[in-house]
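Written below as structure tokens is the structure these notes are about.
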Amino acid sequence: MRIFDPHIHMTSRTTDDYEAMHAAGVRAVVEPAFWLGQPRTGVDSFIDYFDALLGWERFRAAQFGIAHHCTIALNPKEANDPRCTPVLDLLPRYLAKDGVVAVGEVGFDSMTEAEETAFTRQLELAGEHGLPAMVHTPHRDKLAGTHRTLELVAAVGLPAGHVLVDHLNEVTVDVVDDAGAWMGFSIYPDTKMDPHRMVAILERRGLDRVLVNSAADWGRSDPLTTRQTGDAMLAAGFSDDDVDRVLWRNPVEFYGQSGRLLLETPQVKATDTFEGSSVLRGERAS
Amino acid sequence: MTTLDEQTEQRLVAAETAVRSDPTRVRSLFPAAGRDIGRTRTAPGAAPGEVRLEDVVRVRLLATLGEALAEDPDTLAREVADLYRFGDAAERRAVLLGLATLVDAGRGERAALLVHDALRTNDVRLVAAALGPAGAALLDADAFRQAVLKCLFVGVPLDLVAGLDQRADAPLRTMVASYADERRAAGRAVPDDALTLLDPAGPDAPTQES
């Protein structure tokens, strides 16, 4: 089973996770830019974070045979802090870089005016840079947030096929489906979706435009829920090809619209370095 | 020297034209240059001196930026420093290789900040690019000696250090001799470049004392 996790925050995960993911079949990931739990208080923190997503984390993933991509954006939560919003002016520099496969995570957290302004501007940036948009839907008032998301996408004029609306569930899936956008499902140990509910949605509406992700981050989450979902699909009677479509070909098709996927399996040695630093500790083998 | 094929040259000329008409376009064209204009197809190796197609393309874009902003050296210095600040390792390397653009703008002290930043990393391709002709000239004697020692540590061949023959002095040889002693004490090999620096004529040549 080959797996492309289209949404995972690897900067928060350990090398043990990378090893377990590779053993489970994960060969490619997309790491969306998001908030870090501890709020940022200025633009420089975003820049260092973006640099880490494009540099150190891509290198780290490659050490474990996993191709790492990222999406770049000002996230909805921090769009409310006027100390952070000037990062919007710097995004074009980062949206031009290799391995940046979408603008994201954008969207709503508390449905404020500041969030809507940042969201709209970033949907425009996606159009200007020929990139898809990756949209987070809120934990609270999710259905209203999803409706408003689709209205903004239509107003900006971004084709629905270039938009992934993420963290969906049984209540929000149909409006996104009807709009023609891609549907993302985050499979969590306790909240959001679980593998069996995911399988039920696939049985009901089919495999088109569906992405399954672990959204693993610094909270209680599990980077192997993509694999668990694949196993649950097989147990429910889906074929190997069905699983490959959901867990590999669908994310390749969506993010491939950027023209910037880097899917050759990284050929690396454990002693390789990124800017001179390795993931080993202590003396380098030489 | 890496040469550009006709199509790459055409794409580069189009990008240069865009930079001339609006110099801020370099902010997107420079990072995207490898993908949109041209790059060496093989993955970047660890060879510090390898000149890649994307290096050549980006240095040309920098030179064009220098021409476009020749009348406004402050803006030029800021744009170049920002390309470095917001650049990934490949972009930073190209800024260092093209530093003459910034030095000519009469803002050597800003260029020196970039060179010092690169020398704080352990990335051999950045360290090597920082010690090219434009970068090495910005280092005072102390910083130059430390940079040479760093090259020995991280494995940058000393033939990539501009001006070493003229600037290798007694204090540098003392530092390198001490480094060689430490390597021997630890039972490790001393890099050939260190031995050559300590004894330029080679082990078979008569010493000055004899």
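Each residue of segment A:220-237 in turn: what ³J(HN,Hα) in whole Hz from Karplus with 6.51, -1.76, 1.60 and θ = phi - 60°, glycine and Pro shown as x?
Once rounded to whole Hz, the list reads 5, 6, 9, x, 9, 5, 5, 4, 4, 5, x, 5, 5, 4, 4, 5, 8, x.
Cα centroids of segment B:38-94 and segment B:145-190: how far apart, whole angstrom?
28 Å
Taking segment A:148-242, which GluC sites (Glu not before Pro) meet the DSSP loop condition and have no more than 14 other C-beta atoms within 10 Å?
A:GLU170
When you look at the Cβ of every residue in B:85-97, what mean number of other chain Cβ atoms sits within 10 Å?
Numbers: counts 5, 8, 3, 10, 6, 2, 2, 1, 0, 0, 0, 0, 0.
Across B:85-97, the average partner-chain Cβ count within 10 Å equals 3.
Relative to the Cα centre, what is the charge dipole magnitude of the protein assembly as shown, using +1 at the beta carbon of each Lys and Arg, -1 at the beta carbon of each Asp and Glu, and rounding to the nearest 20 debye?
380 debye
Pick out, in residue order, every one of the trypsin sites (Lys or Arg not before Pro) in segment A:184-251 that is DSSP loop and has at most 11 other C-beta atoms within 10 Å; say none if there are none.
Sparse-neighbourhood loop trypsin sites (Lys or Arg not before Pro): A:ARG220.
Given the C-alpha atoms of segment B:6-130, compute the convex hull and give its volume per residue in Å³. The partial results should precede the final answer.
Values: hull volume 11.2 nm³, N = 125.
So the per-residue hull volume is 89 Å³.
State in Å² the accessible area per residue of segment A:3-256; use a 1.4 Å probe, count heavy atoms of protein chains only, and round to the nearest integer.
Per residue, segment A:3-256 has an accessible area of 34 Å².
Could you report the accessible area of A:VAL171 in Å², rounded to 10, computed with a 1.4 Å probe on the protein chains as they sit in the structure?
Approximately 100 Å² for this residue.
In Å² (nearest 100), what accessible area is buried between A and B, both sides summed, heavy protein atoms only, 1.4 Å probe? It would help to have the intermediate numbers written out before the result.
Values: alone 11810 and 11200 Å², together 21550 Å².
Approximately 1500 Å², summed over both chains.
Principal axis extents for chain A, Cα atoms only, whole Å, descending order, please.
Result for chain A: principal-axis Cα extents of 57, 51, 33 Å.
In whole percent, how big is the carbon plus sulfur part of the accessible area of segment B:104-153, probe 1.4 Å, protein atoms only?
C and S atoms contribute 53 percent here.
Roughly how crowded by other chains is peptide A:208-214, in terms of the mean Cβ count from those chains within 10 Å of each of its Cβ atoms? Don't skip to the end; give the middle numbers.
Numbers: counts 0, 0, 0, 0, 0, 0, 0.
For peptide A:208-214, the averaged partner shielding equals 0.
Tell me, what HN-Hα J-couplings in whole Hz come from the Karplus equation 6.51 cos²θ - 1.76 cosθ + 1.60 at θ = phi - 60° for each residue of segment B:85-91, using x for Gly and Pro?
4, 9, x, 7, 4, 5, 5
Amide H neighbours of A:VAL163 under 5 Å, counting only residues 5+ apart in sequence or on other chains, H built in-plane at 1.01 Å?
A:ALA133, A:TRP182
Over segment A:174-263, what is the relative contact order in whole percent, taking alpha-carbon pairs under 8 Å and six or more residues apart?
Once normalised by length, the contact order is 27 percent.
So with the 1.4 Å probe, I'd like the accessible area per residue for chain B, rounded to whole Å².
50 Å²
Taking 37 °C and 0.692 mPa s as the conditions, I'd like the Stokes-Einstein D for segment A:1-140 in µm²/s, using the Kirkwood hydrodynamic radius from alpha carbon pairs.
Estimated diffusion coefficient is 214 µm²/s.
Hey, what D do you get for the protein assembly as shown in µm²/s if you plug the Kirkwood alpha-carbon radius into Stokes-Einstein at 4 °C and 1.567 mPa s?
Stokes-Einstein gives a translational diffusion coefficient of 52 µm²/s.
Using only the alpha carbons, work out the radius of gyration and Dmax of chain B in angstrom.
Spelled out, the Cα radius of gyration and Dmax of chain B are 19.3, 66 Å.
Please compute, for peptide A:47-58, the average count of beta-carbon atoms on other protein chains lying within 10 Å of each residue's beta-carbon.
Per-residue shielding by partner chains comes out at 1.
Give me the percent relative contact order of segment B:6-130, please, defined on Cα pairs under 8 angstrom at least 6 residues apart.
Details: 139 pairs, mean separation 31.7, N = 125.
It rounds to 25 percent for segment B:6-130.
List the residues of segment B:15-42 whose accessible area drops by at least 20 Å² when all protein chains are present, compared with their chain alone, using a 1.4 Å probe and counting only protein heavy atoms.
Buried by the other chains: B:ARG27, B:SER28, B:PRO31, B:ARG35, B:ARG39.
Rounded to whole Å and sorted largest first, what semi-axes of the equivalent ellipsoid does the C-alpha gyration tensor of segment B:80-205 yield via the square root of 5 times each eigenvalue?
29, 15, 11
What's the magnitude of the charge dipole for segment B:1-131 around its Cα centre, counting Lys and Arg as +1 and Asp and Glu as -1 at the beta-carbon? Answer in Debye, nearest 20.
Here the size comes out at about 400 debye.
Would you mind putting A:230-236, B:78-84 in packing order, based on average other-beta-carbon counts within 10 Å, highest first? Don't skip to the answer; put the middle values down first.
Values: A:230-236: 18.0, B:78-84: 20.4.
The densest-packed peptide leads the list: B:78-84, A:230-236.
The values are calculated or read from the model by the stated rules, or taken from the named source; none is laboratory data. Note that the structure is a prediction, hence the values are computed from the model and not measured. Cβ coordinates were reconstructed from backbone atoms using ideal geometry, including for glycine residues, and neighbour counts include every protein chain displayed. The accessibility values were calculated without ligands, DNA or RNA, using every heavy atom of the protein model including side chains. Shrake-Rupley method; radii C 1.70, N 1.55, O 1.52, S 1.80 Å.
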